[in-house]
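To keep things clear, I will list the structure first and then write my remarks on it.
The values are calculated or read from the model by the stated rules, or taken from the named source; none is laboratory data. Since the structure is predicted, the reported quantities are computational estimates derived from the model, not experimental observations. Cβ sites come from the backbone with ideal geometry, for glycine too, and all protein chains shown count toward neighbours. Just the protein is used for accessible areas: all its heavy atoms, side chains included, with ligands, DNA and RNA removed. Shrake-Rupley method; radii C 1.70, N 1.55, O 1.52, S 1.80 Å.
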Protein chains: 2
Amino acid sequence: MGKKIFIYDTTLRDGSQMKGINFSVEDKLRIVKELDKMEIDYIECGWPGSNPKDEEFFKLIKLTKMNHSKIAAFGSTRHPKNRVEDDVNIKKLIEAETDVVTIFGKTWDLHVEKALGITLEENLILIEDSIKYLKENVKEVFFDAEHFFDGYKSNPEYALKVLKAAEKGGADIIVLADTNGGSLYYEIAEIIDEIKKVIKTPFGIHAHNDSGLANANSIEAVRKGGIQIQGTINGYGERCGNANLCEIIPNLMIKMGYDVIGDKLTKITKLSRFVSEISNRSQAENMPYVGGNAFGHKGGIHVSAIMKDTHTYEHIEPEKVGNKRNVLVSDLSGKSNILYKANELGIKLDKNDNVVKEVIKAIKSLENQGYEFEGADGSFELLLKKAMKQRKYFFDLISFRMIIERTELNKMISEATIKLDVDGKETHTVSEGDGPVNALDAALRKALLPHYPQIKDMELVDYKVRVLNGKDGTAAKVRVLIETVDKLTGERWGTVGVSENIIKASWEALIDSVEYYLNN
Amino acid sequence: MGKKIFIYDTTLRDGSQMKGINFSVEDKLRIVKELDKMEIDYIECGWPGSNPKDEEFFKLIKLTKMNHSKIAAFGSTRHPKNRVEDDVNIKKLIEAETDVVTIFGKTWDLHVEKALGITLEENLILIEDSIKYLKENVKEVFFDAEHFFDGYKSNPEYALKVLKAAEKGGADIIVLADTNGGSLYYEIAEIIDEIKKVIKTPFGIHAHNDSGLANANSIEAVRKGGIQIQGTINGYGERCGNANLCEIIPNLMIKMGYDVIGDKLTKITKLSRFVSEISNRSQAENMPYVGGNAFGHKGGIHVSAIMKDTHTYEHIEPEKVGNKRNVLVSDLSGKSNILYKANELGIKLDKNDNVVKEVIKAIKSLENQGYEFEGADGSFELLLKKAMKQRKYFFDLISFRMIIERTELNKMISEATIKLDVDGKETHTVSEGDGPVNALDAALRKALLPHYPQIKDMELVDYKVRVLNGKDGTAAKVRVLIETVDKLTGERWGTVGVSENIIKASWEALIDSVEYYLNN
C-alpha cells in the first residue's frame, strides 16, 4: 500500500458557494452521512459565525456519531481590532466543538493592505495568535494560506513569513490555497520546493479550476510531498469550481497507488450522483470516472473493438469506481451497437438480421427529429420489438383534451380527459392534477387500471424536459424524458417523447412507459 | 513573442463523436468559417471515406476560400490486404484535395493483434507506405499515433518502431495520442524524453480527458517541445471529451507566453458560445475562461473585495478572453451584490437604504421557492423597482384558459384565451399556437398590442425549462427562463417563473418580460 493521502471535503462550505447551490441543514446532514460512509477523512461543514443555517447545523452535528470522518468548522482569523479571546468568530468556532477548526489567513500583500486594510505585520500577529489560541481549545487546527501562490509570486518573503507565523502558532497542517485558480502545476511544484526549505509542518493543497488545472495542481502538490487534498464532490465551487474529488481520488488510488479511501472507491460513482441529486443538479455526463458517459461508446468501430477487449477504449474497468460501460445508439451506430444493446436487454440477434438494419435506420431518422435513446432504454426496446414484429399493443388513443385555467379567484386548475380504445371498448376518463402532465398521467392511469391492474406498481420517478432549440422561442421542440420504476422489482426504465407541444411530447413518453411495462 | 504553437481543431471529427452531437453539413461549414476567422491553424473536418455527409462536406469545402486555416481530412492507414494505390479509403483522402491529410495508426501491440488482427511487422509496413504514398499526393501529412502512451508502456520498443516507420514514410508531424485518456502529465513528460532521443520529426499531442488531465497533458507535451495541440472547442468528444481548446489556448497565451492566435483570443468566449449553439447544447457555465460563470461572484465577501480590486478574486481580466464579470444575487448576497447589480442596471442605491435589505430578503425567499435571478436580470430589475416603489403596472390578469387537444383525427390543437384588465377596461382574446406556451404568448400579445403597440418590437428568443425536482415526477416544480430581445435596440433581458404547473411558470416569465419592457 502506498503513502496515505488525507481527503478534506469542502462541498458543504466552498462547494456551497457555487451558483445555484442552496443546501438546507437537512441536506448537509445527509451529505455528511454519505461522506462518513465513504471514509472521507475530513468534512468541512460550514462557517459557524457566518449565518444561522450553519449555526444550527453545528448544534445538530455535535449530537451525531461519526464512524470515520472528522468534522471541521471553517472561519477567519480574529478581527484586527479584537483580542483573540474576545473575538466573536473565534468563539463560535470553539463553541462548535468540532474535531478540527480551519481558519484562513491572507498571504498576499495586496489583500492584506487593500481588502483587509491592515499592516503586513499586524496580519502575521493575528494569524499566529488566532492559531495559538485555537490550539489551546481544539484538537486539530489547520491554516488555509489564502491566495498563497499569487502571494508568493508577488512577494515571496512575505508569503513565507505568513507560513512561518502559522507554523509558530502551532498549525497541524498548512494548506496552500490557489484561491484564484490561476496557477499552473509546474509553478506549484517550484514554489513548494522553496517552502519545504523553510517550513517543516505537513502541508496540503486547495486548488480551484479557473485554468482547468485543479486536478493536476492537486496531484502535483502530493507528488511534492503534500499529504492533504482539499476539494469538493463533483468539483462544485465558485466560478469554475474547486478541485474535483471524484476525479482526484481515483487518480491517486488507481493511477498513483496512494492509500486514500480503500474499498470505498467502488462507491464513488454513487456518491457523485447522490450529491448531484441533493443539489438538484444533473450530474455532468462527461465527468471523468463517475460520469454517466465516462465509459460510453458511440462510434461503431469503438463498440466493435471493446466487444473484443475492453482495454482497447477504456483506461480502467468501470467497476473499479462503481461505474458502468454503456453503448449508445445513434446515427453513428454500427451493427455492434445494436447487438450490444439488444444483448443488454436480453434479446439475441444475429448481426446479419434485417431487424438490425431496420433499427439503425429508425434510430437515425428519429435522432434527426430530436429523439434521444440514451436514457430511454424503454423506448429503444419498444423500437426493437416493433422491428422484430414482437411489440404488443394494449390500447389506442382516440383523443385527449387538457384544460388549464387560471381562474378569476387566482386558482390554477389542470384537468385532462382521455378517450381510449382498450380491447375494442371505449373508455373515457377525466382527472385533475398539479399541472397538465400530472393530470394526463392521472387520467391515463384511471383509464387503464381496470383493464391492467398491475399498473399500480408503476411509479414515475423522474421527469426531464429539454428545449431542443430555444432560439425558436415558445415554438421550440421539446424532448421529454421520463423515468419509471417497478415498485415490486425495483427495475427502472426511461422513455422519450418529442414535439413542439410539450403535452404531446409528455404523452408519447408516458405511453411508451406504460407500453414498455405491459410488454414485459 | 514566444514560440509558435499550432492548434489543430478536431471539433468536427473527434468532437462530433460525442453523445448527443449531430452536425449537419451546413453546421460544419458554419463552424469552419468561425474557426478560420479565429486563425485556428488546422481544422480537421471529418473522414471522407466513412459516411455520405462527410463526403458531401469535402466536395463543398473545396469550393470555399479560407483566409487562414488549413483544412485536414482524417482517415486510416491502408487496409492490410490492399496495395496502397488501390485502397479506397486512401483514394478518398486524396480526392478530398485538402491541404492536410491526417491518418491514424496503431502503436499498441494489443490493438494491432486483437483489434486489427495483423502482425506487428505488417502494421509497420502499412503505416510507412500509406504515409509515403500520401506524401506524393498531399502537401502535408500528419500521423496520429493512436494509443501511443499505453502502447509505449506495454511495449516501448514496438511503439518507437511505429514512430520510426512514420518518420521514414515522411510524416510532417507525428501526433502522440492518449486515446484512452488514462495517462498522467508526468508520464507523458518521461515518455517524450525517451522518444526525442530517437525521433527527429516535430511532434504534437492529442489528449483525452478520462483522467481529468487533458489540459495538463497537452501543455506538458508543449513544455517538452511539442509544437501542435489537437483538441476541440468546449472539449467536445467521446466519453469525457477531448482536450478543451477554450482552456488550453488562454493558458498557452496568457500564462505561458506562447504565440498562438494573437488578438483573436478576445473572441474565444464568443466562439465557445457559438459552437454550443450550433451543437444545441448549453455552454457549461463553469468552463474555465469562457464559461458564463467563470468570473461570477456570489459570496458577499468576494463581491465586496472585487469592488475594491478585481485581482482579489480573478486570475485574469475577463476582457482578455472576451468574457465578462458577473455578480450573482442569492441568499449569500450581501449588500455589495445588490449595489453592484443595481449599478449595472443604472440604478443608484445607497448601501444603507432599506430597499437593499428588502431586496435581499425577497431574493432569499424566492430562491428558496426555486426562483433564480442569474439569467433573469429583467425579473430582478422589476423586483428592485418594486422595492423602490417605482414599479409601474400596465395590466392585470383576470383569468386565462388553455385548451390542448389531440383530436380523433390525430391533430394537435393548442388554444389560449386570456381576460385582462387594461386601464380599467376588460379585454378578452384568443389565439392558437404550436404548443400551450406559444398560444399563451400569442393571446397575450393580441390583448396588449392595441394598448401598447411598442410590444411588436419585442421578440422572445430563448425559452428554457428546468424541472426543479424530477423526483416528484410529473408533479415537480418547473422553472422557466425566457430571453427577450428588443428588435430595435438589440437589448436583451431574461425573466423567470416557477410553479408545479408549467403553464403558470411560463405565464409568470412572460408577463415579467412584457412588464420589464413597458417599465423601461
Problem - Only Lys, Arg (+1) and Asp, Glu (-1) charged, at Cβ; segment A:441-520 dipole about Cα centre in debye - result: 240
Exercise for the section: Output ³J(HN,Hα) for segment B:287-298: one whole-Hz value per residue in order, computed from phi by the Karplus curve 6.51 cos²θ - 1.76 cosθ + 1.60 with θ = phi - 60°, and x for Gly and Pro. Expected result: 5, x, 6, 10, x, x, 10, 4, 10, x, 10, 10
Fill in the blank from the handout: Summing +1 per Lys or Arg and -1 per Asp or Glu among the other residues with Cβ less than 15 Å from A:Val422's Cβ gives 0
Exercise for the section: Provide the per-residue ³J(HN,Hα) series for segment B:426-441, in order, calculated from phi with Karplus coefficients 6.51, -1.76, 1.60 and θ = phi - 60°, each as a whole number of Hz, with x at glycine and proline positions. Expected result: 8, 10, 9, 10, 9, 8, 9, x, 5, x, x, 6, 4, 5, 4, 4
Fill in the blank from the handout: Check: C-alpha center segment B:356-378 vs C-alpha center segment B:133-151, spacing in Å is 55
Exercise for the section: Using only the Cα atoms of segment A:1-103, build the gyration tensor, take square roots of its eigenvalues as a ≥ b ≥ c, and label the shape rounded, prolate or oblate: rounded if a/c is under 1.5, else prolate if a/b is larger than b/c, else oblate. Expected result: prolate
Exercise for the section: Would you mind telling me the antiparallel percentage of the DSSP bridges in the protein assembly as shown, rounded to 5? Expected result: 50
Completion exercise
Here, A:Leu409 and A:Glu319, labelled 7 Å along Cα→Cβ, have an inter-label distance in nm of 6.1
Completion exercise
Amide H neighbours of B:Asp434 at under 5 Å, excluding residues fewer than 5 places away on the same chain, with H built from the backbone geometry, are B:Ala439
Practice task
Under 15 Å from a label point 7 Å along Cα→Cβ of B:Asn51: give me every residue in segment B:9-29 with its amide N that close.
Solution key: B:11-29
Handout entry: Label-point gap, in nm, between B:Asn67 and A:Glu121 - each point 7 angstrom along Cα→Cβ
Key = 5.9
Problem - Within the accessible area of the protein assembly as shown (1.4 Å probe), percent carbon and sulfur - result: 49
Fill in the blank from the handout: Note, segment B:14-21: 3J(HN,Hα) by Karplus (6.51, -1.76, 1.60, θ = phi - 60°), whole Hz, Gly/Pro = x, goes 5, x, 6, 7, 6, 3, x, 9
Handout entry: Rounded FRET efficiency, nearest 0.05, which uses the C-beta distance separating B:Leu449 from A:Gln369 and R0 of 35 Å
Key = 0.55
Handout entry: Local electrostatic count, B:Ile199, Cβ distance below 12 Å [Lys/Arg +1, Asp/Glu -1]
Key = +3
Practice task
Would you work out the relative contact order for segment A:398-498, in percent, from Cα pairs under 8 angstrom that are 6 or more residues apart?
Solution key: 16
Exercise for the section: For helix A:214-223, report the angle its Cα long axis makes with the longest principal axis of the Cα atoms of chain A; keep it between 0 and 90° and round to the nearest 10°. Expected result: 50
Exercise for the section: Any chance you could tell me what percent of the C-alpha pair distances in the protein assembly as shown go past 44 Å? Expected result: 38
Fill in the blank from the handout: Once amide hydrogens are built 1.01 Å from N within the peptide plane, the residues lying 5 or more places from A:Gly296 or on another chain with amide H under 5 Å from its amide H are A:Asn326, B:Arg239
Fill in the blank from the handout: For A:Ile188, the net charge from surrounding residues (Cβ-Cβ under 9 Å; K, R +1; D, E -1) works out to -3
Problem - Buried solvent-accessible surface, both chains (A, B), 1.4 Å probe, Å² to nearest 100 - result: 9400
Problem - Residue-averaged 222 nm ellipticity for chain B, from DSSP H runs of 4+ at -39500 (n - 2.57), nearest 500 - result: -11000 deg cm²/dmol
Fill in the blank from the handout: The FRET efficiency for A:Lys132 and B:Lys361, from their Cβ-Cβ distance with R0 = 51 Å and rounded to 0.05, is 0.80
Exercise for the section: Taking each label point as 7 Å beyond Cα in the direction of the beta carbon, state the distances from B:Glu85 to the same residue in the other copies, shortest first, in nm. Expected result: 9.6
Fill in the blank from the handout: Applying the gyration tensor rule to the Cα atoms of segment A:408-477 (axes a ≥ b ≥ c; rounded if a/c under 1.5, else prolate if a/b exceeds b/c, else oblate), the class is prolate
Problem - Shortest-first distances to equivalent copies, position B:Lys320, nm, label 7 Å out along Cβ - result: 3.6
Practice task
Taking 50 Å² as the minimum loss, tell me which residues in segment B:250-282 lose that much accessible area going from the chain by itself to the full protein complex (1.4 Å probe).
Solution key: B:Lys255, B:Asn280
Handout entry: About the Cα centre, charge dipole magnitude for segment B:252-409 (Lys/Arg +1, Asp/Glu -1 at Cβ), debye
Key = 360
Practice task
With r as the distance between the Cβ atoms of A:Lys139 and A:Lys33 and R0 = 22 Å, compute the FRET efficiency 1/(1 + (r/R0)^6) and round to 0.05.
Solution key: 0.50
Fill in the blank from the handout: Treating only Lys and Arg (+1) and Asp and Glu (-1) as charged, each at its beta carbon, one finds that the protein assembly as shown has a dipole about its Cα centre, in Debye to the nearest 20, of 320
Exercise for the section: Go through A:Gly226, B:Ile503, B:His206 and say which Cα lies farthest out towards the positive end of the charge dipole of the protein assembly as shown; charges sit on Cβ, +1 for Lys and Arg, -1 for Asp and Glu. Expected result: B:Ile503
Practice task
For segment B:14-75, build the charge dipole from Cβ charges (+1 Lys, Arg; -1 Asp, Glu) around the Cα centre, then report which of B:Gly20, B:Phe58, B:Met38 sits farthest towards its positive end.
Solution key: B:Phe58
Handout entry: In degrees, nearest ten, helix A:502-518 long axis to first principal axis of chain A (Cα)
Key = 80
Practice task
Please give the residues of segment A:503-519, grouped as numeric ranges, whose backbone N is less than 15 Å from a label point set 7 Å along the Cα-to-Cβ vector of A:Leu488.
Solution key: A:517-519
Practice task
Subtracting the Cα-Cα distance from 0.36 nm times the residue separation, let me have the gained length for A:Lys4 to A:Asn352 in nm, one decimal.
Solution key: 120.0 nm
Practice task
May I ask you to give the average projected area over all directions of the convex hull of the Cα atoms of segment A:136-182, in nm² rounded to one decimal?
Solution key: 3.3
